Amino acid sequence: MKDMGADVIFAVDVGSISDDTPQRYGDSLSGIWALFNHYNPFSKIPDVPTLSDIQSRLAYATSVAALEKAKASPGVIYMQPPVQQYGTLDFGKFDEIYDVGYHYCKGLLEELRREGKLENLLSGSLKGTGDRKRNGPRLSRRQSI
């Protein structure tokens, strides 16, 4: 985004907290045991991670360094609204999640205003921004999500 000419970037982390506690399933794993464990309401053993769970964890593990670099970059306002209890596919809770994010951001902007930082953001005078020369022409935004 900086290369495309943005001076101030609002980075919003909406990742959910995943349980990464190591699990021990022994030397082998029976499919019948896993199926029984999944449907047993009294079981204290968590389900075996699905392929999508494993892929999500791998994607998260590879993005940690990039996240830390982005958080430390000048001109980046990092936000983490309290939406960790919602799942990635909780589309049915859109309105509830929207309200949580709205109230979080409203409070954050009010705090920035009280600290006198909001005016600096709007004028582009954050440390490391505003006077920077652009590295070539500004590219238009892609028309995709």
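All of the numbers you see were taken from the coordinates with simple rules; none came from a lab. These numbers were taken from a predicted model, which means no experiment stands behind them. So basically every Cβ, Gly included, is an ideal-geometry build from the backbone, and we count neighbours across all protein chains shown.
Values for this structure:
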| item | result |
| --- | --- |
| Difference of contour (0.36 nm per residue) and Cα-Cα distance, Met79 to Asn40 | 10.1 nm |
| At R0 = 30 Å, FRET efficiency that the Cβ-Cβ distance of Leu51 and Leu118 yields, to 0.05 | 0.10 |
| Candidates per trypsin sites (Lys or Arg not before Pro) in region 29-126, loop by DSSP, up to 11 other Cβ within 10 Å | Lys44 |
| Orientation-averaged projected area, Cα convex hull of region 1-113 (nm²) | 10.6 |
